[in-house]
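Heads up, the thing below is written out as structure tokens.
The values are calculated or read from the model by the stated rules, or taken from the named source; none is laboratory data. Being a predicted model, the structure only gives us computed values, none of them experimental. No Cβ is skipped: glycine too gets one built from the backbone with ideal geometry, and neighbour counts run over all protein chains shown. Keep in mind that these areas ignore ligands, DNA and RNA; they rest on the heavy atoms of the full protein, side chains included. Shrake-Rupley method; radii C 1.70, N 1.55, O 1.52, S 1.80 Å.
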Amino acid sequence: MQAYRLAGAGALAAAIAAPANAQLLERKDLSAAMALTIATTAAETCKTNGYRVSVTVVGRTGEVLVQLRGDNASPHTIENSFRKAYTSRTFRVPTGEIVKRLKDNPQLALIHLSNVIAAQGALPIKVGEDVIGAVGVSGAPGGDKDEVCSQAGIDKVAAMLK
């Protein structure tokens, strides 16, 4: 029995030490130009509809790539747009889904994590099923309207998200 344990441990050590098949990860990330296009399209869509909003686009790790505060948008909208985008990226779902989860379970623990918010208005940005970022909008009179603007931003670059 002791020999078996040692052999198993030795095999594990050899597997870890032998990088024969080690490779770099291949992935796609949002460029600054694409993030700017998403943000400006979302902001212009809301502005056209009469809404004063802020928009944040975050990348794969939740880092801010672009943040815009529209003319006369309320000060809190910058923070809210970031928190919405961060939440959508973190959980890989539209933030409206987090709102539903919280309604179904008022004890939802994830809502207490830093920068997480249950407020509709953000959508994940995907290449296939790989979430590479998210866009969040805040300031329209209702999260459903914020989400429409977020979708417009993603739609603008959809052909490039391949």
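May I ask you to list the residues in the stretch 52-85 that are touching a strand residue (DSSP E or B) at 6+ places or on another chain (Cβ under 6 Å) and either assigned to a helix (DSSP H, G or I) or closer than 14 Å to ALA118 by Cβ (or both)?
Across the stretch 52-85, the qualifying residues are THR77, ILE78, ASN80, SER81, PHE82, LYS84, ALA85.
Pick from the stretch 93-149 the residues that are assigned to a loop (DSSP other than H, G, I, E, B), out of contact with any strand residue (DSSP E or B) (no Cβ under 8 Å at 6 or more places or on another chain) and small (Gly, Ala, Ser): which of them is nearest to THR41 (Cα to Cα)?
Result: ALA140.
Being surrounded by 18 or more Cβ atoms within 10 Å (Cβ to Cβ) and in contact (Cβ under 8 Å) with a residue 24 or more places away in the chain is the requirement here; does ILE125 meet it?
Spelling it out, ILE125 is indeed surrounded by 18 or more Cβ atoms within 10 Å (Cβ to Cβ) and in contact (Cβ under 8 Å) with a residue 24 or more places away in the chain.
Just to be sure, is LYS100 within 23 Å of ALA73 (Cβ to Cβ), of a type in the set (D, E, K, R) and more than 15 Å from the chain's Cα centre (by Cα)?
Spelling it out, it is not the case that LYS100 is within 23 Å of ALA73 (Cβ to Cβ), of a type in the set (D, E, K, R) and more than 15 Å from the chain's Cα centre (by Cα).
A quick yes/no check of all residues on (1) open to solvent by 20 Å² or more (accessible area, probe 1.4 Å); (2) aliphatic (A, V, I, L, M); (3) in contact with an Asp or Glu (Cβ under 8 Å, 6 or more places away or on another chain); (4) over 24 Å from MET160 (Cβ atoms):
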site: ALA22; (1), (2), (3), (4): yes, yes, no, yes
site: CYS46; (1), (2), (3), (4): no, no, yes, no
site: GLY50; (1), (2), (3), (4): yes, no, no, yes
site: VAL53; (1), (2), (3), (4): no, yes, yes, no
site: GLY59; (1), (2), (3), (4): no, no, yes, no
site: LEU68; (1), (2), (3), (4): yes, yes, no, no
site: ASN72; (1), (2), (3), (4): yes, no, no, yes
site: PRO75; (1), (2), (3), (4): yes, no, no, yes
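Could you list, in sequence order, the residues of the stretch 89-104 that are touching a Leu at 6+ places or on another chain (Cβ under 7 Å) and among the basic types (Lys, Arg)?
ARG101, the sole residue that qualifies.
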